[in-house]
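Written out below as structure tokens is the structure these notes cover.
The values are calculated or read from the model by the stated rules, or taken from the named source; none is laboratory data. As the structure is a computational prediction, the values presented were derived from the model and not from experiment. Glycine also receives a Cβ, built like all others from the backbone with ideal geometry; neighbour counts cover every protein chain displayed. Note: areas computed on protein heavy atoms with side chains; ligands, DNA, RNA excluded. Shrake-Rupley method; radii C 1.70, N 1.55, O 1.52, S 1.80 Å.
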Amino acid sequence: MKKLMTAVLAVFTMGVSGIASADNFANVYTCKLQDDVEMEAVQAANSKWLKFVNARVEGGGITSSVGTAVVGNQEVFLFVDSYPSLSSWAATAELLDSDAGEELDGLFDDLTECSENRLWKLEGTK
């Protein structure tokens, strides 16, 4: 029994370390709120967006955060969309080019103005 538990623990540890060392990708948008828009409206639209893409991109696992400045330029905020793989980012981009995706992306038109974005490859430090 002890050998079985050791083997199970070893397999579990290898699996977790493989996940921890896997590449992640973050699509980061720098944005400003449109006049008279509250951050709560942006969060609500982002929540709809996140549910939509996770329901339609194989494997899901996509996360999204809204970052606001604590120090510095507080007029801008960030959308940080994190993807477990480059293929899930590409599938999301393709989905957002569809009619349904364009309609969903339109939720943000009256809320935000985004000036730039970058796709980052994130590698954990060992």
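Out of the stretch 9-34, which residues are open to solvent by 80 Å² or more (accessible area, probe 1.4 Å) and modelled with pLDDT under 95?
Those that are open to solvent by 80 Å² or more (accessible area, probe 1.4 Å) and modelled with pLDDT under 95: Leu9, Val11, Phe12, Met14, Ile19.
Do you know which residues across the stretch 35-58 are open to solvent by 40 Å² or more (accessible area, probe 1.4 Å), within 20 Å of Ser98 (Cβ to Cβ) and not in a helix (DSSP H, G or I)?
Glu58
Which ones in the stretch 92-103 are surrounded by fewer than 18 Cβ atoms within 10 Å (Cβ to Cβ) and closer than 22 Å to Glu40 by Cα?
Selection gives Glu102, Glu103.
Could you tell me which numbered condition Ala26 fails, if it satisfies all but one of (1) among the small types (Gly, Ala, Ser); (2) under 17 Å from Arg118 (Cβ atoms); (3) free of Cβ contacts under 8 Å to residues at least 40 places away in the same chain?
Here Ala26 meets the rest and fails (3).
How many of the residues making up the stretch 79-119 are part of a loop (DSSP other than H, G, I, E, B) and under 22 Å from Asp35 (Cβ atoms)?
The qualifying residues number 3.
Check off (1) touching a residue at least 12 places away in the same chain (Cβ under 8 Å); (2) within 14 Å of Trp120 (Cα to Cα) for Phe77 and give me the number that stays unchecked.
Evaluating Phe77 over (1) touching a residue at least 12 places away in the same chain (Cβ under 8 Å); (2) within 14 Å of Trp120 (Cα to Cα) leaves (2) as the failure.
Of the residues that sit in the stretch 57-75 and are closer than 22 Å to Leu107 by Cα and over 14 Å from the mean Cα position of the chain (by Cα), which one is modelled with the lowest pLDDT?
For the stretch 57-75, the residue satisfying everything is Glu75.
Looking only at residues in the stretch 63-91 that are open to solvent by 60 Å² or more (accessible area, probe 1.4 Å) and out of contact with any strand residue (DSSP E or B) (no Cβ under 9 Å at 6 or more places or on another chain), which one is farthest from Trp49 (Cα to Cα)?
Filtering first and then ranking leaves Val71.
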